[in-house]
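Here's the structure, in structure tokens; my notes come after.
The values are calculated or read from the model by the stated rules, or taken from the named source; none is laboratory data. Predicted, not measured: the structure shown is a model, and the values here were computed from it. Cβ atoms come from the backbone with ideal geometry, glycine included; neighbour counts cover every protein chain shown.
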């Protein structure tokens, strides 16, 4: 969802982050802190709990941390053209791929599309770890290659001519190991936005595919493609 659409959905409240709860938590209060972090980063790690519609940072502030989504969803929007074009929709397990964290000039927005829990790693400590710990630098390169590949697939998906083709492409490329079965991490209206279609168009396509046995719609927002597809 673009920043403009989210502002409209929440009645403009994203313009005032103080209208939404944003709570920093000590890392010790959250179980299973990622083991891939070097010790110094583990000590400096903090978790941020945000309400839906909260601004993580605005176009006037450079991100002061590297963020990873633990739960929920965050939209990173480029404000270069003034229209809040979405450049990434990060869900659980994703790092925010905002070039602003590397640059001296701000310009992008990050908005929580859902109630979210984020891991925040201070920018200076993160950059020091990249420069001084080869194993962590290798981990980071691998993570970025995987996420950039997903972003590229997402852009290619929007070039497919039909909603059904986009649904199949999404489930093939976003499901674990490409198995074609997954639990949708967000509501259907957000899925429609990511597929570049209207929610009612997505609903019609899902019903049609299920009726034609080209898709199984399972409880708990799970979807499964037949193996033949």
- line: Across (1) buried (at least 21 other Cβ atoms within 10 Å of the Cβ); (2) within 22 Å of residue 184 (Cβ to Cβ), residue 65 clears everything bar (2)
task: Using the structure shown, decide if residue 129 is surrounded by 17 or more Cβ atoms within 10 Å (Cβ to Cβ) and closer than 20 Å to residue 75 by Cβ.
output: no
query: Which ones in region 80-98 are touching a strand residue (DSSP E or B) at 6+ places or on another chain (Cβ under 6 Å) and either assigned to a strand (DSSP E or B) or modelled with pLDDT under 90 (or both)?
result: 84, 85, 86, 87, 88, 89, 90, 91, 92, 95, 97, 98
- prompt: Restricting attention to region 145-160, which residues are touching a strand residue (DSSP E or B) at 6+ places or on another chain (Cβ under 7 Å) and buried (at least 16 other Cβ atoms within 10 Å of the Cβ)?
  reply: 147
query: Can you name the number of the only condition in (1) at pLDDT 90 or above; (2) more than 11 Å from the chain's Cα centre (by Cα); (3) buried (at least 18 other Cβ atoms within 10 Å of the Cβ); (4) more than 18 Å from residue 190 (Cα to Cα) that residue 168 fails?
result: (4)
task: Could you list all residues from region 180-205 that are in contact with a strand residue (DSSP E or B) (Cβ under 8 Å, 6 or more places away or on another chain) and either farther than 25 Å from residue 115 by Cβ or not assigned by TED's automatic domain parsing to the domain that holds residue 165 (or both)?
output: 180, 181
query: Considering only residues of region 188-227 that are under 19 Å from the mean Cα position of the chain (by Cα) and touching a residue at least 40 places away in the same chain (Cβ under 8 Å), which is surrounded by the fewest Cβ atoms within 10 Å (Cβ to Cβ)?
result: 222
task: Among the residues of region 37-54, write down those that are within 20 Å of the chain's Cα centre (by Cα) and either modelled with pLDDT under 85 or not in a loop (DSSP other than H, G, I, E, B) (or both).
output: 46, 47, 48, 49, 50
- prompt: Quick check, is residue 138 modelled with pLDDT under 90 and not assigned by TED's automatic domain parsing to the domain that holds residue 215?
  reply: no
message: Which of the strands (runs of 3 or more DSSP E) found entirely inside region 110-229 contain at least 3 residues meeting this: under 27 Å from residue 45 (Cβ atoms)?
response: 116-122
- line: Of (1) buried (at least 16 other Cβ atoms within 10 Å of the Cβ); (2) at negative phi, residue 180 satisfies every one except (2)
task: Please give the number of the condition residue 142 fails out of (1) out of contact with any helix residue (DSSP H, G or I) (no Cβ under 6 Å at 6 or more places or on another chain); (2) surrounded by 11 or more Cβ atoms within 10 Å (Cβ to Cβ).
output: (2)
